[in-house]
Amino acid sequence: MNKAVPIILLIVGIALVILGIAAMAQSFSGFHESLTGSPIDTSIWMLTLGLVSISVSWYGLIHGSKEAA
């Protein structure tokens, strides 16, 4: 049960990174973004939150399962 939350965070983080990359690729194909070269805010937030979620889950999986015997 201790590893359930970090595993869920890892899955959510990976999904957010994949969706963020897809949104960024789609934004570069748009007319406005092709002129300015800036990605949309949603893709930046998805990538950022995905990477934070992966980092927190990795820390939770490595350091969070230490129990006193």
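The values are calculated or read from the model by the stated rules, or taken from the named source; none is laboratory data. Keep in mind the model is a prediction, meaning the values are calculated, not measured. Every residue, glycine as well, gets a Cβ built from its backbone with ideal geometry; the counts of neighbours run over all protein chains shown.
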**Prompt:** Going by the conditions given, is residue 57 hydroxyl-bearing (Ser, Thr, Tyr) and at pLDDT 90 or above?
**Reply:** yes
**Asked** Which one is modelled with the lowest pLDDT among residues in the range 6-50 that are exposed (fewer than 15 other Cβ atoms within 10 Å of the Cβ) and polar (S, T, N, Q)?
**Response** 34
